[in-house]
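Colleague: Sharing a structure, written as structure tokens. Questions coming.
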């Protein structure tokens, strides 16, 4: 049970339920292959059945951590910082991103877009989920749309999302890891027929890194 003081800090975003933080190589999407420091924030109610970090869902399992400490850790490693989850927009990202920008970091987010956009972002990767669709502001501001393909119907969903996102967003299709052998050939064929899309793979899993 959090004290009222800590709960107030969490609600205003000066403390966040930090699940993990690590320096690695970006594995997915537009920035694949580049070094980045990842901040994984706990808390998510979107509930993807194939989520590979379900332990992030319950924010209560992850200690509220002051954003000053998070920024201090991040600044030791990389110019690029990726905020992910869980669903980071569950929380107010203003304090964290302001301090990261003050530290001259490039700040990226990976989000389902299910909640209003808070924070200052250099790059927004929108990965929408059928269970809780993005709010319009995230569609409008996303730099990258990354749709996870778990079955054939997800190609229909992907096109619906492409119609909703802004015209400058870069479009990616990514096989869900447990279905990669089945879905990757279908994605390759689909992208060759529909070249507005690009293929994204979870290359960090092939490299066996975080």
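Colleague: List the residue pairs whose Cβ atoms are under 6 Å apart, where the first residue sits in region 32-59 and is at positive phi and surrounded by 15 or more Cβ atoms within 10 Å (Cβ to Cβ), the second is in a loop (DSSP other than H, G, I, E, B) and at pLDDT 85 or above, and the two are 6 or more positions apart or on different chains.
Modeller: So the pair list comes out as 43/86.
Colleague: Continuing with the same structure: Checking the condition in contact with a strand residue (DSSP E or B) (Cβ under 7 Å, 6 or more places away or on another chain), outside any helix (DSSP H, G or I), surrounded by fewer than 16 Cβ atoms within 10 Å (Cβ to Cβ) and modelled with pLDDT of 95 or more, which residue from 148, 124, 209 passes? Spell out the reasoning first.
Modeller: Working: 148 fails: surrounded by fewer than 16 Cβ atoms within 10 Å (Cβ to Cβ); 124 fails: surrounded by fewer than 16 Cβ atoms within 10 Å (Cβ to Cβ).
So the residue among 148, 124, 209 that is in contact with a strand residue (DSSP E or B) (Cβ under 7 Å, 6 or more places away or on another chain), outside any helix (DSSP H, G or I), surrounded by fewer than 16 Cβ atoms within 10 Å (Cβ to Cβ) and modelled with pLDDT of 95 or more is 209.
Colleague: Suppose we filter region 71-84 for residues that are in contact with a strand residue (DSSP E or B) (Cβ under 6 Å, 6 or more places away or on another chain) and either free of Cβ contacts under 8 Å to residues at least 12 places away in the same chain or under 19 Å from residue 9 (Cα atoms) (or both); how many remain?
Modeller: Of the residues in region 71-84, 1 are in contact with a strand residue (DSSP E or B) (Cβ under 6 Å, 6 or more places away or on another chain) and either free of Cβ contacts under 8 Å to residues at least 12 places away in the same chain or under 19 Å from residue 9 (Cα atoms) (or both).
Colleague: Got a sec? Which of 10, 71 is modelled with pLDDT under 90, crowded, with 18+ Cβ neighbours inside 10 Å and not in a strand (DSSP E or B)? Working first, answer last.
Modeller: Numbers: 71 fails: modelled with pLDDT under 90.
Among 10, 71, only 10 is modelled with pLDDT under 90, crowded, with 18+ Cβ neighbours inside 10 Å and not in a strand (DSSP E or B).
Colleague: Also, I was wondering about something else. Would you check which residues across region 157-186 are within 22 Å of residue 111 (Cβ to Cβ), part of a helix (DSSP H, G or I) and without any contact (Cβ under 8 Å) to a residue 40 or more places away in the chain and list them?
Modeller: 157, 158, 159, 160, 161, 162, 163, 164, listed by residue number.
The values are calculated or read from the model by the stated rules, or taken from the named source; none is laboratory data. Note that this is a predicted model, so its numbers are computed, not measured. Here Cβ is always computed from backbone atoms with ideal geometry, including for glycine, and neighbour counts include all displayed protein chains.
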